[in-house]
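To start, the structure itself, in structure tokens.
The values are calculated or read from the model by the stated rules, or taken from the named source; none is laboratory data. Worth saying up front: this structure is predicted, and the values here are computed from it rather than measured. Neighbour counts are summed over all protein chains in view; Cβ atoms, including those assigned to glycine, are modelled from backbone coordinates with ideal geometry.
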Amino acid sequence: MKTTRSFAALVILLLLSAAIPAFGNPDMPSEKEQAIRKLMEMTGAGDLGTQVTEQLLAQIRLSFPQVPEPVWGELVESLNPAQLTELAIPIYDRHFSMEELQALIDFYATPVGQRVVRKMPIVAEESVAIGQQWGQTKAYEILQRLAEQGYQSEEF
């Protein structure tokens, strides 16, 4: 069942990657698009497609250990991580003005901005870990309180 879902997810991903056209906004000034691309490059957001692709395939590979290496190579070549960048550009366009983009570019060009770029993935990873731990602790506390009040769950 898990293997079937993983395979289905892979098929859907491959179909979407082949079907998604370049999502440009013809109304977006090229200067703004260039600023968005520069900001994405400076912050590492431009590498997101590659990171997501690597993580996705690593996860799927666990469910399909019988698949030979050449097949994985073909799958990697068929994916286009740059599509995620193209899909993200309109999001930046909607949420940031040209002035804001320039201010962000100016900030990320500073030593502090570059430090933020280097440290934020670590801060985010540690924050997610502590958030998961906190959430598990609170979930246990809630389940205990509910059980003390006589409520039982069919799942727990």
Exercise. So which residues in the range 71-88 are closer than 29 Å to S30 by Cα and out of contact with any Ser or Thr (no Cβ under 7 Å at 6 or more places or on another chain), if there are any at all?
Worked result: S78, A82, L84, T85, E86, L87, A88
For this session: Report yes if E126 is over 30 Å from K32 (Cα atoms), out of contact with any strand residue (DSSP E or B) (no Cβ under 7 Å at 6 or more places or on another chain) and assigned by TED's automatic domain parsing to the domain that holds M42, otherwise no.
Result: no
Problem set entry | Selected residue (criterion: farthest from T85 (Cα to Cα)) from residues of the range 19-30 that are surrounded by 10 or more Cβ atoms within 10 Å (Cβ to Cβ) and at pLDDT 60 or above | P29
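What are the residues in the range 81-105 that are among the polar types (S, T, N, Q) and closer than 19 Å to Q51 by Cα, if any?
Initial filter on the range 81-105 (among the polar types (S, T, N, Q)): 83, 85, 97, 102.
Hits for the range 81-105 are Q83, T85.
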Exercise. Mind checking which pairs have a first residue in the range 56-70 that is assigned by TED's automatic domain parsing to the domain that holds L84 and a second that is of a type outside the set (D, E, K, R), Cβ under 6 Å, 6 or more apart or different chains?
Worked result: I60/S6; I60/L10; S63/T3; S63/S6
